[in-house]
Amino acid sequence: SACASVEDRRLLYAAGGCILFGFAAKAGMFPLHFWMPRSYTAAPAPATAILSAVLSKAGIFGVLIVSCDVFYRDADWGMLILILGVVTMLLGAILGLFSVNLKRTLACSSMSQIGFILVGVGMQGLLGAQNQLAVYGTVLHMINHSLIKLILFIIAGVIFTQTGSLELNEIRGWGRGKPLLMFCFLMAAVGVGGIPLWSGYISKTLLHESIVEYIEVLAAQGGAGFMRTVEWLFLIAGGMTLAYMTKLFVAVFIEKKPEAGKPEKNVYMDKPTSAVLTVCGLTLLLFGLLAHDTMDKIAEISLSFLGGEELEHTVRYFSWANLQGALLSLIIGTVLYFGVVRLLLMKKDAHGVRVYVDRWPSWADLEKLVYRPLLQGLAFVGAFCSRTVASLADWIIELVNRLFYKKAPQTVEPKTNEQFGAYSDKPVRRGIVGETLAYELLLYGIGVVATLLYLLLQ
């Protein structure tokens, strides 16, 4: 209510933008996403699981606080979050499609799924009082993402522990003959891909339907071209998710193993890890099958916090109208996998074996192109300003000396300096004002008065 009464919205947007900057970096939102793929790839698997499943949600929580409290049902703010979310969603999916490292692909996938969540946050502001679908979809996709990435990063840790590598060409076929690991990975893969009967389909359907609902509102007003583009980008990003998750599943569990590799242990996963993965995998399926009894109830808890209202009708998740979006993403994903991954992102090596290749251009790195040069420039500017401020007092003293003091002539002692043959007999008058205590007190008083005037006028 306090923010709603602010007349000058520019001040509110400026403050909100500064707060958003911090939370966006925490969440991995574009253009502050560059740290996520590298840190997730380098961190140990347990730490990565916590980063993706829990800590990234702290940034999303901050974005939700700003969007639902400070900019409650603000359409302009919602449009900003929507645009940033769409770019994050697409860029993460594209990076995941090109990656040939298991954990890097999962890190890019986390970035993309955070983009899906941000799309939901933006739709809450755009839909205003009719934001129930967006609220449901945002909360449920946060929960789904946490469960799914918990499974996937733990599996990545198991693979790295046994093989010592995460490169797809080196771990290819390692999961063959490991049905439990394959089952858990498959549950997470189809869940994040939005396949019907799994929980990811429920949250993505709600997000998609919130976009469709806003398109209908704009169509009644005469223009919905931009939002129709957003809808197609949403479906394409979903198709990319299916494509890169299929690439990971086929590489690890379907393709044949390389001839040489690290010797495997008979027990590759302990019982507690197996139990956690199995429970989380079955939870994804249970939530998808019993969405009204599980996921809807969970989403209702957050309505009051996010400023949403209860749904006026029960969502028919498995109606043909809702299944169409998932079907389109499935078709797009199939085309991308066979048309891009198998044809363009693989090649035959010297032995005639098809291997995965990283075709992402090395120069296309936002950190190298923008942030590192920017930081170097800021360091130079900061050093220049610091030196300028540090030297300012010396410059002022030198200026005062030149303005108020005259340089005394060189003292000459008669008959002792052989450089001169004669000296003037005329007396030289020297001013003694500059050498008196009164003159020094006058300068001090002028400085005090100038300081007081400066403080009073600020």
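Please treat every number below as a calculation from the coordinates, not as lab data. The structure displayed is predicted, hence computed values, not measured ones. As a convention, Cβ positions derive from the backbone with ideal geometry for all residues, glycine included, and neighbour counts pool all protein chains shown.
Relative contact order for the chain: what percent, with Cα pairs under 8 Å and sequence separation of 6 or more? Could the numbers behind the result be given before it?
On the way: 571 pairs, mean separation 70.4, N = 458.
Reported as a whole number, the value is 15 percent.
Which order results if Val250, Val190, Val381 are arranged by neighbouring Cβ count within 10 Å, fewest first?
In increasing order of surrounding Cβ atoms, one gets Val381, Val250, Val190.
Take Cys385, Cys108 and order them by how many other Cβ atoms sit within 10 Å, fewest up front.
Working: Cys385 10, Cys108 27.
Taking fewest neighbouring Cβ atoms as first place, the list is Cys385, Cys108.
Given the options Leu186, Leu127, Tyr214, identify the residue whose Cα lies farthest towards the positive end of the charge dipole of region 9-360 (+1 on Cβ of Lys, Arg; -1 on Cβ of Asp, Glu).
Of the options given, the answer is Leu186.
Just from the alpha-carbon atoms, what are the Rg and Dmax of region 85-184 in angstroms?
Calculated on Cα positions, Rg and Dmax stand at 16.5, 52 Å.
Would you work out the Kirkwood radius for region 66-135? I mean one over the mean of 1/r across all pairs of different Cα atoms, in Å.
The answer is 12.4 Å.
For Leu456 and Leu375, what is the calculated FRET efficiency with R₀ set at 45 Å and r taken between the beta-carbons, to the nearest 0.05? All intermediate terms of the calculation are to be shown ahead of the outcome.
Values: r = 40 Å, r/R0 = 0.88.
Once rounded, the FRET efficiency stands at 0.70.
Principal axis lengths of the chain from Cα atoms, whole Å, largest first?
Result for the chain: principal-axis Cα extents of 114, 63, 43 Å.
Could you run the Karplus curve 6.51 cos²θ - 1.76 cosθ + 1.60 with θ = phi - 60° over region 16-22 and give me ³J(HN,Hα) per residue in whole Hz, x for Gly and Pro?
Result, rounded to whole Hz: x, x, 5, 5, 4, 4, x.
Each residue of region 135-146 in turn: what ³J(HN,Hα) in whole Hz from Karplus with 6.51, -1.76, 1.60 and θ = phi - 60°, glycine and Pro shown as x?
Going residue by residue, I get 4, 4, x, 5, 5, 5, 6, 4, 5, 4, 4, 5 Hz, with x marking Gly and Pro.
How much length is gained on full extension from Arg9 to Tyr72, taking 0.36 nm per residue of separation minus their Cα-Cα distance? Walk me through the intermediate numbers first.
On the way: separation 63, 0.36 × 63 = 22.68 nm, distance 1.29 nm.
This chain segment gains 21.4 nm when fully extended.
At a 10 angstrom cut-off on C-beta neighbours, averaged per residue, how do the peptides 76-82, 43-49, 195-201 rank from highest to lowest?
Output ranking for 76-82, 43-49, 195-201: 195-201, 76-82, 43-49.
How many angstrom lie between the Cα centre of region 185-250 and the Cα centre of region 151-179?
Measuring centre to centre over Cα atoms gives 28 Å.
Which angle from 0 to 90°, rounded to the nearest 10, does the C-alpha axis of helix 102-127 make with the longest principal axis of the chain?
Approximately 80 degrees, to the nearest ten.
Neighbour counts of other C-beta atoms within 10 Å: give me Val212, Val279, Val448 arranged from fewest to most.
Listed from fewest to most nearby Cβ atoms, that is Val448, Val279, Val212.
Place the peptides 305-312, 116-123 in order of packing, highest mean first, counting for every residue the other Cβ atoms within 10 Å and averaging per peptide. Don't skip to the end; give the middle numbers.
On the way: 305-312: 14.9, 116-123: 28.9.
Ranked by mean Cβ neighbours within 10 Å, highest first: 116-123, 305-312.
Placing +1 on the Cβ of each Lys and Arg and -1 on the Cβ of each Asp and Glu in region 9-360, which of Leu330, Ala47, Leu286 has its Cα farthest towards the positive end of the resulting dipole?
Ala47
Do the alpha carbons of any pairs in Lys57/Lys347; Lys57/Lys271; Lys149/Lys347; Lys103/Lys271 sit beyond 31 Å of each other, and which pairs?
Lys57/Lys347
For region 43-50, take each phi angle, set θ = phi - 60°, evaluate the Karplus expression 6.51 cos²θ - 1.76 cosθ + 1.60, and give the result in whole Hz per residue in order, putting x for glycine and proline.
6, x, 4, x, 5, 5, 4, 5
If you average 1/r across every pair of different Cα atoms in region 233-365 and take the reciprocal, what Kirkwood value do you get, in Å? Could you put the intermediate results ahead of the total?
Numbers: mean 1/r = 0.0517 Å⁻¹.
This gives a value of 19.3 Å.
For Val355, which sequence-distant residues (separation of 5 or more, or a different chain) have an amide H within less than 5 Å of its own amide H, given hydrogens modelled in the peptide plane?
Counting only residues 5 or more places away or on other chains, the set is Lys347, Lys348, Asp349.
Suppose only helical runs count, i.e. DSSP H with n ≥ 4. What mean residue ellipticity at 222 nm does that imply for the chain under -39500 (n - 2.57) per run, divided by all residues and rounded to the nearest 500 deg cm²/dmol?
-21500 deg cm²/dmol
I'd like to compare 270-278, 31-39, 142-150: which one has the highest average count of other Cβ atoms within 10 Å, and what's the full order after that?
142-150, 31-39, 270-278
Starting from the Cα coordinates of region 158-245, work out the convex hull volume and express it per residue in Å³.
Values: hull volume 9.0 nm³, N = 88.
Normalising the Cα hull of region 158-245 by residue number yields 102 Å³.
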